[in-house]
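All remarks here apply to the structure that follows.
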Amino acid sequence: MPPYITTDPKNGTIIQAMAETSNAIETSFEHFRLKESLEHIVNLARTGNRFLNETEPWKIYKRSEEEAGHIIGLAVQLVGSVAVLLKPFLPESSSRILKVLSTNPNVSWKNSKECFVKPGRRISPLEPLFHKVSAPDLRDRLERLRSIETSEVQI
C-alpha cells in the first residue's frame, strides 16, 4: 500500500464522500431503508470509479510514482470503506476484502469514515468474490429447484 495524502484538497472529496456515505447509511438503517443504504454504497463505489478515471494514476505514474501512489492509496481506502459498509449485506465478501486490506478483518463501522489501511501494508491478491452465471445455467438451476419442490410436495 503506497503512502497517501488526506490533506490535499482534491483528495479531500474522497474522504468526505466516505464520511457522508457512512452517515447517510446510518440514517437509512435507523429508518429500515435497506435498499436506500445499498444505493448509497453503490454511489460511493461510483465516486471511486470517477476519481480513478479523472485522475488516471496509470498515466501519472509515468511522471510521478509518488503522486500515482497517493491516488491508489486513496482508492484502496475507498474500497475498504465500501467493504465495511457492505458487511451487513454481504458479510463473507466483506470479510474477504478486509482480510486483504487490513490486519484486522473485524474493522468496526466507524472505520468506514476514515483511512484505516496503513501505508506499507502489503495487499495480497484476492480471488474473485463472485462468478458470472450464464442465463442458460441459471434457467437449469431454477428448473432443478422447481422439480425438487414439486417432488417434495407430492410426498
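Read-outs: derived from the displayed coordinates by stated rules, not from any lab. Just so we're clear, the structure is a prediction, and the values are computed from it rather than from any experiment. Note that we place each Cβ from the backbone using ideal geometry, even for glycine, and neighbour counts take in every protein chain shown.
With respect to the chain, whose longest principal axis is taken over its alpha-carbon atoms, helix 65-86 is tilted by about 30°. Dimensions of the chain based on its C-alpha atoms, expressed as ranges along the principal axes with the largest first, amount to 68, 38, 29 Å.
Can you tell me which of 107-113, 127-133, 29-35 comes out highest on packing, and rank the rest after it, using the mean Cβ neighbours within 10 Å?
Working: 107-113: 17.0, 127-133: 7.4, 29-35: 10.4.
Descending packing order for the listed peptides: 107-113, 29-35, 127-133.
This ranking places 28, 81, 22 by how few other beta-carbon atoms lie within 10 Å of each, fewest first, which gives 28, 22, 81. Taking segment 9-125 as the region of interest, the number of lysine pairs whose Cα atoms are within less than 28 Å, with members eight or more places apart or on different chains, is 19.
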